[in-house]
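Presented below is the structure to which this report refers.
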Amino acid sequence: MNSQMIRIVTIDGPSGSGKGTIAQLLAKRLGWHCLDSGALYRLVGLLVHRASIGFDNAAKIAEYAEKMNVRFSQGRINLDDDDVTDLIRTETAGNNASKVAAFPEVRQALLKWQRDYARQPGLVADGRDMGSVVFPSAEVKIFLDASAEERARRRYNQLKEKGLDVNLRNLIAEIRERDERDRNRSVAPLKAPEGALVVESTDLGIDEVLEKVLEKVRSTFPDLVV
Ligand code: DC
């Protein structure tokens, strides 16, 4: 089925903006599929790390990205029969993902993976370039933002809750460094796509953000009851 005929909501934004949470909640409310595109970049970062390829070998990394053996099932992610769901969520995995994401060859290799997610009855896609590159014809485009300090604070609380020893200042520095790389790379830089509803979430709770997104979804698809 042509992805043009499938309803798509894209949610882009920087790390820690809450887009993953909002995308999952929205997909659940709508009964649609959900694409966490960052997980794909994180998986490629892990493969590179494990295979000791070197983070500068773009062609080889793209080859791995194309051929990786991944299975998403019931909220778990398996790479070659190894459950890596938690492993790809670390700060190191995020940084490695951001490095491999800067290569056009890698982004190209992951395009097909991502577009395959567009299935009936609809898709909520979360990432950095969902509305600009991967699904440019999506009917609803959201760009979720928040200050670096607030995003670091949210991450800090999440990690603390997991019992991890974290330093807020280091987290702010890491988030700034990752933002810098994601916003300034030459290919598919992180920015609000044309026509996107920009939601500044620094002072908003999850329910308030979700409500703003739902308003946009309702007005775009008036036949949906959500
Ligand atoms: O959303 P996340 O933190 O899981 O993403 C990890 C990294 O992957 C992020 O630093 C940038 C990259 N990424 C990307 O370049 N394009 C996407 N669509 C998703 C993630």
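Of V84, V106, V48, V100, all but one fail to be of a type outside the set (F, W, Y), closer than 21 Å to T21 by Cα and at pLDDT 95 or above; the exception is V84.
Flag not set for A59, criterion: touching a Cys at 6+ places or on another chain (Cβ under 8 Å), more than 15 Å from the ligand (Cβ to nearest atom) and either of a type outside the set (F, W, Y) or part of a helix (DSSP H, G or I) (or both).
Residues in the range 183-198 include at least one that is within 14 Å of the ligand (Cβ to nearest atom), within 30 Å of V106 (Cα to Cα) and not in a loop (DSSP other than H, G, I, E, B).
Only a single item in (1) over 14 Å from the mean Cα position of the chain (by Cα); (2) outside any helix (DSSP H, G or I) is not met by V124, and it is number (1). Residues in the range 101-128 that are within 11 Å of the ligand (Cβ to nearest atom) and buried (at least 24 other Cβ atoms within 10 Å of the Cβ): A101, V106, A125, D126, G127, R128.
Look at A65 and say whether it is buried (at least 22 other Cβ atoms within 10 Å of the Cβ), within 14 Å of the ligand (Cβ to nearest atom), of a type in the set (G, A, S) and at pLDDT 95 or above.
Working: buried (at least 22 other Cβ atoms within 10 Å of the Cβ): yes; within 14 Å of the ligand (Cβ to nearest atom): yes; of a type in the set (G, A, S): yes; at pLDDT 95 or above: yes.
Here the answer is yes, as A65 does meet what is asked.
Only residues that are out of contact with any Phe, Trp or Tyr (no Cβ under 7 Å at 6 or more places or on another chain), more than 16 Å from the ligand (Cβ to nearest atom) and either of a type outside the set (A, V, I, L, M) or in a helix (DSSP H, G or I) (or both) were counted across the range 4-24, and they come to 2. All conditions in (1) among the charged types (D, E, K, R); (2) in contact with a helix residue (DSSP H, G or I) (Cβ under 7 Å, 6 or more places away or on another chain); (3) in contact (Cβ under 8 Å) with a residue 40 or more places away in the chain; (4) away from the ligand (no atom under 13 Å from the Cβ) hold for E150, with the sole exception of (2). Within the range 152-196, restricting attention to residues that are closer than 18 Å to S17 by Cβ and among the polar types (S, T, N, Q), the residue that is modelled with the highest pLDDT is N157. So S73 ticks every box in (1) within 11 Å of the ligand (Cβ to nearest atom); (2) without any contact (Cβ under 8 Å) to a residue 40 or more places away in the chain; (3) of a type in the set (S, T, N, Q) but one. Which box is left unticked? All conditions pass for S73, except number (1). A search for C-beta distances below 7 Å between a residue of the range 76-98 that is within 10 Å of the ligand (Cβ to nearest atom) and any residue that is of a type in the set (A, V, I, L, M) and assigned to a strand (DSSP E or B), counting only pairs 6+ apart in sequence or on different chains, returns I88/I77.
The values are calculated or read from the model by the stated rules, or taken from the named source; none is laboratory data. What you are looking at is a predicted structure, and each value in this text was computed from that prediction instead of being measured. Virtual Cβ from ideal backbone geometry, glycine too; neighbours counted across all protein chains shown.
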